[in-house]
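Worksheet: one structure, shown below.
Please treat every number below as a calculation from the coordinates, not as lab data. These numbers come from a predicted model, not from an experiment. Cβ sites come from the backbone with ideal geometry, for glycine too, and all protein chains shown count toward neighbours.
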Amino acid sequence: MKILAIVGSYRKGKTIDTLVDRAIEGACAGRADDVHVDKLHLIDQRIEYCKNCMVCREDDPDKARARCVISDDMEAIYPLMEEADGFIFGTPVNMGQATAVMKTFVERTAWVFAKPGRRPIPGCPTPRTTRQKKAVIIVSSGLVPPLLRRWCDDATSLLRSHCVDILGAKVVGTLYAGAVEKRGIERYSQAAHRLGRRLTA
Ligand SMILES: Cc1cc2nc3c(=O)[nH]c(=O)nc-3n(C[C@H](O)[C@H](O)[C@H](O)COP(=O)(O)O)c2cc1C
């Protein structure tokens with residue numbers, strides 16, 4: 001089983017990086033021999049903005065992955081995404097949303113892994129893949145506690161729709177590590193481990 005972990009934090013060794021590592025440990029627990037994990041820090045990658053050229057959207061709908069005309073590090077990331085059975089997405093919540101680097105990444109995958117579908121309105125993205133995939137989502141906020149998540153976390157809904165509508169991955173769990181500046185990261189460590197286990201359970 002192949003897991004792809006995608007880190008959208010600007011800082012290594014901090015909240016999201018740490019919690020994604022815990023989720024990876026959970027995914028591998030007792031299954032280290034048959035789980036392969038790739039972990040990407042988006043901040044290390046050269047990822048250009050989508051050009052809205054729509055070459056991908058107009059590509060053959062029978063292809064599992066459409067062509068992107070941009071030549072950058074996404075060329076190496078696309079095959080990893082296509083081959084993955086499970087995804088771990090992690091991003092801080094900045095101004096209520098996923099980080100800019102995560103949003104840039106998500107836009108670059110949209111019509112590469114989706115094709116125009118029929119529902120809820122004709123033309124809306126539907127996954128190209130027919131494989132059953134799974135995903136978990138981890139977000140963190142500096143100040144906003146879990147009680148207030150619904151008003152301050154649009155990152156999870158963005159990533160959820162990316163998983164379901166684009167990647168064809170069922171979201172089997174999410175973690176909101178709220179108010180980490182006050183509460184600390186350790187408090188969410190076990191929850192991240194449990195989340196990871198759901199990917200391979
Ligand atoms: C530009 C910016 C905007 C932010 N906006 C919010 C916010 O709207 N709500 C909040 O609670 N924390 C906000 N934060 C704090 C981050 O969510 C927090 O630093 C992050 O979750 C920590 O993740 P990291 O340790 O992986 O960097 C913001 C941080 C930055 C840099």
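Relative to the longest principal axis of the Cα atoms of the chain, the long axis of helix 74-83 lies at roughly 80 degrees.
What does the charge add up to near CYS56, with Lys and Arg as +1, Asp and Glu as -1, over the other residues with Cβ less than 12 Å from its Cβ? Walk me through the numbers on the way to the answer.
Working: positive: LYS51, ARG57, LYS63, ARG65, ARG67, ARG108, LYS115, ARG128; negative: GLU58, ASP59, ASP60, GLU107.
Net of charged neighbours comes to +4.
Counting charges near ALA84 (Lys, Arg +1; Asp, Glu -1) among other residues having Cβ under 11 Å from its Cβ returns a value of 0.
Which of the pairs LYS63/LYS103; LYS2/LYS115; LYS14/LYS134; LYS12/LYS133; LYS133/LYS170; LYS103/LYS134 have their Cα atoms more than 18 Å apart in this structure? Mind showing how you got there, number by number?
Values: LYS63/LYS103 24 Å; LYS2/LYS115 23 Å; LYS14/LYS134 25 Å; LYS12/LYS133 27 Å; LYS133/LYS170 6 Å; LYS103/LYS134 20 Å.
Beyond 18 Å between Cα atoms: LYS63/LYS103; LYS2/LYS115; LYS14/LYS134; LYS12/LYS133; LYS103/LYS134.
The ranking of TYR10, TYR188, TYR49 by Cβ neighbour count inside 10 Å, starting from the fewest, reads TYR49, TYR10, TYR188.
Here the chain yields Rg over Rh of 0.96, to two decimals, using C-alpha coordinates and the Kirkwood radius. Note on the chain: helix-only mean residue ellipticity at 222 nm, from DSSP H runs of 4+ residues weighted -39500 (n - 2.57) and normalised by residue number, equals -9000 deg cm²/dmol.
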